[in-house]
Amino acid sequence: DLHLSLRRQRQMCIRDRLRVMQAPSSGDLSKTLKVPQTDLEKALNELVKNGLLINVAKHRYYPPSQLSEIAKEVIELGTETEFSVADFRDVTKIGRNVAIEILEYFDNKGFTRRDGNSRKVFGKNPFE
């Protein structure tokens, strides 16, 4: 079926972008750029104030467009059924610790809701 084939291609493209674009921690970024982490975080927080980045966890920042793509994956994963951190990690190819940070951010926004070891989508994509 052509529709399923196109959908699979789209999902593979999104997953490839997510895998390549996993946001580094501000500590890793500061080492790469050879900039003090506190100075870097001041600059990143200015971008947050201007809506260009979202601070999902203490030292982790994402562009809204990337979080929107991740949210689309969550919607496909957990609108009708519950999903685990491992399910999310496997679909997005985002490392476990970062996956937890993102899911906790989504929980705090009311987009997902955690119940024990599983989550379910309860809201619409908060980035659209």
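Some observations on this one:
- Per residue accessible area of the range 22-77, 1.4 Å probe, in Å²: 55
- Counting protein heavy atoms only, the range 22-86 has 57 percent of its accessible area on carbon and sulfur, 1.4 angstrom probe.
- Of the cross-linked pairs Lys31/Lys109; Lys34/Lys109; Lys58/Lys124; Lys49/Lys72; Lys34/Lys72, those separated by over 29 Å at the C-alpha level are Lys31/Lys109; Lys34/Lys109; Lys34/Lys72.
The values are calculated or read from the model by the stated rules, or taken from the named source; none is laboratory data. As the structure is a prediction and not an experimental result, all values here were calculated from the model. What goes into the accessible areas is simple: the full protein's heavy atoms, side chains included, and nothing from ligands, DNA or RNA. Shrake-Rupley method; radii C 1.70, N 1.55, O 1.52, S 1.80 Å.
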